[in-house]
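Visitor: Once you've had a glance at the structure underneath, I'll fire off some questions.
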Amino acid sequence: MRTIEEILAAMTALMDGAEGRSLTAEEISNYEALEAELADRRKDDEIRARNAAYNSVRPARPAVQTQVREPLPYNVARVDGRSVFNRGTNGHDFSSDVFSLINTSGQDGDALKRVNALIGAAFNPTNDVDRADTASLNPNRYAPELWQPQMDYSTPLWDMIASGPTDGTSFDVPKFNSSSGLVGPATEGTEPAPGAMTVTSQTIVPTQVWGKVEVTRQAARRGGRPELSGILWDQMLREYFEDREAAVATFLNTLTAAADITVTGSPATPTNDNDQASAQSLEAAITDLQFVRGGNRFRAFAVHQALYRLLARVTDDSGRPLYPQIAPMNANGTAESLWATLNVGGTRAVPAWALGAAGGNGSVNSWLFDPSKVRGWASAPERLDWNFGATVQTANIPQLSHVTIGIYGDIALANLDINGVRQVIFDQNTAA
């Protein structure tokens, strides 16, 4: 609460600031507010004095020390939106006082008192100066070190089939084709009949992916924090790897496996008995793989979300998970922390987001295969930068207005033996 002297000082400063001119509407409003505050303060003092008289027999309260401030010494005027400081009636000048404080390292006490009086009056509640009014003086701190890119996706499908680099040139893979009579029962003294064998080859033709971003030259020159070109290239790489993963899923769905595995379907609202039937049918199919030619060599199992959910939640009749994470005992499999992968009878089931999301009424496909038979090759993404030339060209004349960042890569996908592939079909909404 301001004292009467402080209020009178503010009133004096306001009048000094308007010396030689008419008061503005704002100054009139401020002065009347000061008058009202002064009346309230005097009324408050009068009531306190009466109360003291009523209680005169009581020990007198110590008097509150009153701070007396010098009336503001500067003549301040607003001219074309600017504050102009002139010498006040007592001869002091604001600029001179500020220079004195600078030169004396704040030791000029009289100048310090006058400057502080002006600041106190400028920021008093009557003038309603709050944080919003001074926001431009207190900007938010920019934190480029906390730059948040788009979240990365894992690439489980590509990780299963990645076989090395490619330079984009087509190549032939030699393959066994057929054989007969190479080995047979021996008869003493009789020469064996000659056998036969043929080979073939499979041509792998890489495909290309590319893309570009055109940036105005002004934006490119400013750079930015973090660096604009680095952010763009990082995002292009992210989409390159994402598209490569989706390309593997598309490729798998073009295959016609030599034999399918059909998991027992599940109704729209499955019970645990339904889930048990589905899990048991999958385990039986994996067991039968021991009897295919050469035995079970199917070590890569990319699982659709609908089937993966079922395997993660299914329990036995006592409520114990069939594929537990913690302290497994007498179980046919396990689950890693966070259900990152599932072990189904020794087959590592990996969730593959690119195969699709659960929901709907149709069948969904997972893929169980020999990773030596389903292969993928890719080049390292190549960054291409050029300063002149973009789709904004006119008559093939390079334009100054844009610079371009490009990306280019080669991807090759192949199945070398369809006998090494099993399509795992699961109907997530079979009628009960």
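The values are calculated or read from the model by the stated rules, or taken from the named source; none is laboratory data. The model shown is predicted, which means the values in this text are computed figures rather than measured ones. With ideal geometry, Cβ positions are generated from the backbone for all residues, glycine too; neighbour counts draw on all protein chains shown.
Visitor: Checking the conditions here, which among Ala285, Ala258, Ala302, Ala249 is in contact with a Pro (Cβ under 8 Å, 6 or more places away or on another chain), hydrophobic (A, V, I, L, M, F, W, C) and closer than 20 Å to Asp370 by Cβ?
Guide: Working: Ala285 fails: in contact with a Pro (Cβ under 8 Å, 6 or more places away or on another chain); Ala258 fails: in contact with a Pro (Cβ under 8 Å, 6 or more places away or on another chain); Ala249 fails: in contact with a Pro (Cβ under 8 Å, 6 or more places away or on another chain).
The conditions single out Ala302.
Visitor: If you go through segment 170-195, how many residues are under 18 Å from Asn415 (Cα atoms) and either aromatic (Phe, Trp, Tyr) or assigned to a loop (DSSP other than H, G, I, E, B) (or both)?
Guide: Summing the residues that are under 18 Å from Asn415 (Cα atoms) and either aromatic (Phe, Trp, Tyr) or assigned to a loop (DSSP other than H, G, I, E, B) (or both) in segment 170-195 gives 3.
Visitor: So if I check each of Asp128, Asp167, which one is charged (D, E, K, R) and at pLDDT 80 or above? Show your work before the answer.
Guide: Working: Asp128 fails: at pLDDT 80 or above.
Among Asp128, Asp167, only Asp167 is charged (D, E, K, R) and at pLDDT 80 or above.
Visitor: Now for a separate question. Quick one: is Asp316 without any contact (Cβ under 8 Å) to a residue 24 or more places away in the chain, of a type in the set (D, E, K, R) and more than 30 Å from Asn415 (Cα to Cα)? Let's see the steps before the verdict.
Guide: Details: without any contact (Cβ under 8 Å) to a residue 24 or more places away in the chain: no; of a type in the set (D, E, K, R): yes; more than 30 Å from Asn415 (Cα to Cα): yes.
Against the criterion (without any contact (Cβ under 8 Å) to a residue 24 or more places away in the chain, of a type in the set (D, E, K, R) and more than 30 Å from Asn415 (Cα to Cα)), Asp316 does not qualify.
Visitor: If you check Ala25, Ala36, which single one turns out to be surrounded by fewer than 10 Cβ atoms within 10 Å (Cβ to Cβ), assigned by TED's automatic domain parsing to the domain that holds Ala117 and either in contact with a helix residue (DSSP H, G or I) (Cβ under 6 Å, 6 or more places away or on another chain) or at pLDDT 80 or above (or both)? It would help to see each step written out before you state the result.
Guide: Working: Ala36 fails: surrounded by fewer than 10 Cβ atoms within 10 Å (Cβ to Cβ).
Being surrounded by fewer than 10 Cβ atoms within 10 Å (Cβ to Cβ), assigned by TED's automatic domain parsing to the domain that holds Ala117 and either in contact with a helix residue (DSSP H, G or I) (Cβ under 6 Å, 6 or more places away or on another chain) or at pLDDT 80 or above (or both) holds for just one of Ala25, Ala36, which is Ala25.
Visitor: How many of the residues in segment 290-310 are farther than 11 Å from Phe426 by Cβ, buried (at least 18 other Cβ atoms within 10 Å of the Cβ) and either free of Cβ contacts under 8 Å to residues at least 12 places away in the same chain or not small (Gly, Ala, Ser) (or both)? Step through it out loud before you land on a result.
Guide: First pass over segment 290-310, keeping only residues farther than 11 Å from Phe426 by Cβ: 290-302.
Filter again for buried (at least 18 other Cβ atoms within 10 Å of the Cβ), leaving 298, 300-302.
Next cut, either free of Cβ contacts under 8 Å to residues at least 12 places away in the same chain or not small (Gly, Ala, Ser) (or both) only: 298, 301.
Counting residues in segment 290-310 that are farther than 11 Å from Phe426 by Cβ, buried (at least 18 other Cβ atoms within 10 Å of the Cβ) and either free of Cβ contacts under 8 Å to residues at least 12 places away in the same chain or not small (Gly, Ala, Ser) (or both) gives 2.
Visitor: Let me ask something additional. Identify the residue in segment 311-333 that is within 35 Å of the chain's Cα centre (by Cα) and among the aliphatic types (A, V, I, L, M) and, among all such residues, is surrounded by the most Cβ atoms within 10 Å (Cβ to Cβ).
Guide: Leu311
This table checks each residue for (1) in the same structural domain as Asp167 (by TED's automatic domain parsing); (2) over 30 Å from Glu145 (Cα atoms); (3) at pLDDT below 95; (4) surrounded by 10 or more Cβ atoms within 10 Å (Cβ to Cβ).
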residue	(1), (2), (3), (4)
Thr203	yes, yes, no, no
Gln208	yes, yes, yes, yes
Arg217	yes, no, yes, yes
Arg221	yes, no, yes, yes
Arg225	yes, no, yes, yes
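Visitor: Return the only residue of Glu245, Glu188 being out of contact with any strand residue (DSSP E or B) (no Cβ under 9 Å at 6 or more places or on another chain) and assigned by TED's automatic domain parsing to the domain that holds Asn429. Working first, answer last.
Guide: Details: Glu188 fails: assigned by TED's automatic domain parsing to the domain that holds Asn429.
Unique residue meeting the criteria: Glu245.
Visitor: Determine if segment 153-165 includes at least one residue that is without any contact (Cβ under 8 Å) to a residue 12 or more places away in the chain and in contact with a Pro (Cβ under 9 Å, 6 or more places away or on another chain).
Guide: No.
Visitor: Go through segment 7-20 and count every residue that is assigned to a loop (DSSP other than H, G, I, E, B) and surrounded by 11 or more Cβ atoms within 10 Å (Cβ to Cβ). So that I can check it myself, show each step before the final result.
Guide: We begin by selecting, within segment 7-20, every residue assigned to a loop (DSSP other than H, G, I, E, B); these are 18-20.
Now restrict to residues that are surrounded by 11 or more Cβ atoms within 10 Å (Cβ to Cβ): 18-19.
Adding up the residues that qualify gives 2.
Visitor: Please find, among Val392, Val350, the residue that is under 32 Å from the mean Cα position of the chain (by Cα), assigned by TED's automatic domain parsing to the domain that holds Thr271, modelled with pLDDT under 95 and among the β-branched types (Val, Ile, Thr). First the steps, then the outcome.
Guide: Values: Val350 fails: modelled with pLDDT under 95.
Of Val392, Val350, the one residue that is under 32 Å from the mean Cα position of the chain (by Cα), assigned by TED's automatic domain parsing to the domain that holds Thr271, modelled with pLDDT under 95 and among the β-branched types (Val, Ile, Thr) is Val392.
Visitor: Could you please find all residues in segment 338-357 being farther than 16 Å from Pro328 by Cβ, touching a strand residue (DSSP E or B) at 6+ places or on another chain (Cβ under 8 Å) and outside any helix (DSSP H, G or I)?
Guide: Val350, Pro351, Ala352, Gly356
Visitor: On to the next question. Among the residues of segment 229-268, how many are surrounded by fewer than 17 Cβ atoms within 10 Å (Cβ to Cβ), over 23 Å from Thr207 (Cα atoms) and without any contact (Cβ under 8 Å) to a residue 24 or more places away in the chain?
Guide: Summing the residues that are surrounded by fewer than 17 Cβ atoms within 10 Å (Cβ to Cβ), over 23 Å from Thr207 (Cα atoms) and without any contact (Cβ under 8 Å) to a residue 24 or more places away in the chain in segment 229-268 gives 1.
Visitor: Follow-up. Of the residues that make up segment 262-270, is at least one in contact with a helix residue (DSSP H, G or I) (Cβ under 9 Å, 6 or more places away or on another chain), part of a strand (DSSP E or B) and not aliphatic (A, V, I, L, M)?
Guide: Going through segment 262-270, the residues in contact with a helix residue (DSSP H, G or I) (Cβ under 9 Å, 6 or more places away or on another chain) turn out to be 262-267, 270.
Still in the list and also part of a strand (DSSP E or B): 262-263.
Applying the additional criterion that residues be not aliphatic (A, V, I, L, M) yields 262.
Within segment 262-270 (the criterion being in contact with a helix residue (DSSP H, G or I) (Cβ under 9 Å, 6 or more places away or on another chain), part of a strand (DSSP E or B) and not aliphatic (A, V, I, L, M)), the answer is yes, since at least one residue qualifies.
Visitor: Under 21 Å from Arg299 (Cα atoms) and touching a strand residue (DSSP E or B) at 6+ places or on another chain (Cβ under 9 Å): which single residue out of Leu232, Leu237, Leu182, Leu252 fits that description?
Guide: Numbers: Leu232 fails: under 21 Å from Arg299 (Cα atoms); Leu237 fails: under 21 Å from Arg299 (Cα atoms); Leu182 fails: under 21 Å from Arg299 (Cα atoms).
When all the criteria are applied, what remains is Leu252.
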